[in-house]
Amino acid sequence: MTSDLFADEEQNRTWRDELCPDAVVLRHFAVAEQTAILAAIRDISDAAPFRHMLTPGGYSMSVAMTNCGAHGWVTDRLGYRYATLDPQSGKPWPPMPAVFRALARDAAASAGFEDFEPDACLINRYAPGARLSLHQDKNERDFAAPIVSVSLGIPAVFLFGGLQRRDKPLRVPLTHGDVVVWGGAARLRYHGVLPLKEGVHPLLGGQRINLTFRKAG
Ligand code: SIN
Ligand code: FE2
């Protein structure tokens, strides 16, 4: 019992780790709202199921994805882009839940980016072995707004690089509830995720889910 209480308290402790100017990890920032967040993810994925999208080169992505909000990030043989309709159903993506919007705005403000108005939330699901190679987020209309990236479930190693692909990335361990925010001078930094190791999380089992909030439109 004592150790459970201790673990709960440890989970709710928050602190920040600066990665570089205009980029910060808000540790455990999302833990307080985890129950509502996980319920919302279930509702969204009932309406718009996770799927392995195709890269423009024809490879199936190891990360399974869905979206909520007005704009959803998609990829297929035609390329990377935002779409207002889920190509699988032809219907709009599920709306962005209030708890998501509030979390993204609060995280952005804590990182120094006031009045973030996310209109896109990409939901990434990683099983062990899934990875995301180094890339820049650059399909958005303008780069004035930051990126807010929420980690849930089993731990991952986030790669946070520079403005050139060849810049050696930092290896940033991320655990359940951590939120990375990058914008301003860091907005176009390369980033990615190393292949996920096996693990078990009490709420999410053997998977990791990431929510990436952006202003796309
Ligand atoms: C992304 O870059 O879209 C996701 C990063 C992550 O899963 O932490
Ligand atoms: Fe990204």
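The values are calculated or read from the model by the stated rules, or taken from the named source; none is laboratory data. These numbers were taken from a predicted model, which means no experiment stands behind them. Cβ sites come from the backbone with ideal geometry, for glycine too, and all protein chains shown count toward neighbours. Protein only, heavy atoms only, side chains kept; ligands, DNA and RNA dropped before computing areas. Shrake-Rupley method; radii C 1.70, N 1.55, O 1.52, S 1.80 Å.
If you go through the stretch 1-56 and keep only what is open to solvent by 80 Å² or more (accessible area, probe 1.4 Å) and closer than 28 Å to Pro169 by Cα, you end up with Arg13, Thr14, Trp15, Arg16, Glu18, Pro21, His52.
Note on the stretch 184-217: residues that are crowded, with 18+ Cβ neighbours inside 10 Å and either in a strand (DSSP E or B) or more than 13 Å from ligand 2 (Cβ to nearest atom) (or both) amount to 13. Here the condition is being in contact (Cβ under 8 Å) with a residue 12 or more places away in the chain, β-branched (Val, Ile, Thr) and crowded, with 19+ Cβ neighbours inside 10 Å; of Val179, Val157, it holds for Val179 alone. Could you tell me whether any residue of the stretch 76-88 is within 16 Å of the chain's Cα centre (by Cα), surrounded by fewer than 16 Cβ atoms within 10 Å (Cβ to Cβ), of a type outside the set (Asp, Glu) and away from ligand 2 (no atom under 16 Å from the Cβ)? No, every residue in the stretch 76-88 fails to be within 16 Å of the chain's Cα centre (by Cα), surrounded by fewer than 16 Cβ atoms within 10 Å (Cβ to Cβ), of a type outside the set (Asp, Glu) and away from ligand 2 (no atom under 16 Å from the Cβ). The residue pairs whose first member lies in the stretch 122-140 and is under 18 Å from Arg187 (Cα atoms), whose second member is modelled with pLDDT under 95, and whose beta carbons are closer than 9 Å, counting only pairs six or more residues apart or on different chains, are Glu140/Gly217. Within the stretch 55-68, residues that are within 23 Å of Asp119 (Cα to Cα) and within 16 Å of ligand 2 (Cβ to nearest atom) have Cβ atoms under 8 Å from residues that are hydrophobic (A, V, I, L, M, F, W, C) and open to solvent by 50 Å² or more (accessible area, probe 1.4 Å) in these pairs: Ala64/Ala127, counting only partners at least 6 apart in sequence or on another chain. Which number in (1) within 19 Å of Ala102 (Cα to Cα); (2) within 13 Å of ligand 1 (Cβ to nearest atom) marks the one condition that Glu140 misses? For Glu140, the failing item is (1). Screening the stretch 126-135 for residues that are in contact with a Gly (Cβ under 9 Å, 6 or more places away or on another chain) and within 12 Å of ligand 1 (Cβ to nearest atom) and picking the one that is nearest to Leu170 (Cα to Cα) gives Leu134. When the stretch 202-217 is filtered for residues that are more than 15 Å from ligand 1 (Cβ to nearest atom) and either at negative phi or modelled with pLDDT under 95 (or both), the ones remaining, listed by number, are Pro202, Leu203, Gly206, Gly217.
If you scan the stretch 18-41, which residues turn out to be of a type in the set (D, E, K, R) and in contact (Cβ under 8 Å) with a residue 40 or more places away in the chain? Selection gives Asp22, Arg27, Glu33. For the stretch 52-67, a residue qualifies if it is within 15 Å of Gln207 (Cβ to Cβ) and touching a strand residue (DSSP E or B) at 6+ places or on another chain (Cβ under 6 Å), and the qualifying residues are His52, Val63, Ala64, Met65, Thr66.
When the stretch 52-83 is filtered for residues that are away from ligand 1 (no atom under 13 Å from the Cβ), in contact with a Cys (Cβ under 8 Å, 6 or more places away or on another chain) and not in a loop (DSSP other than H, G, I, E, B), only Cys68 remains.
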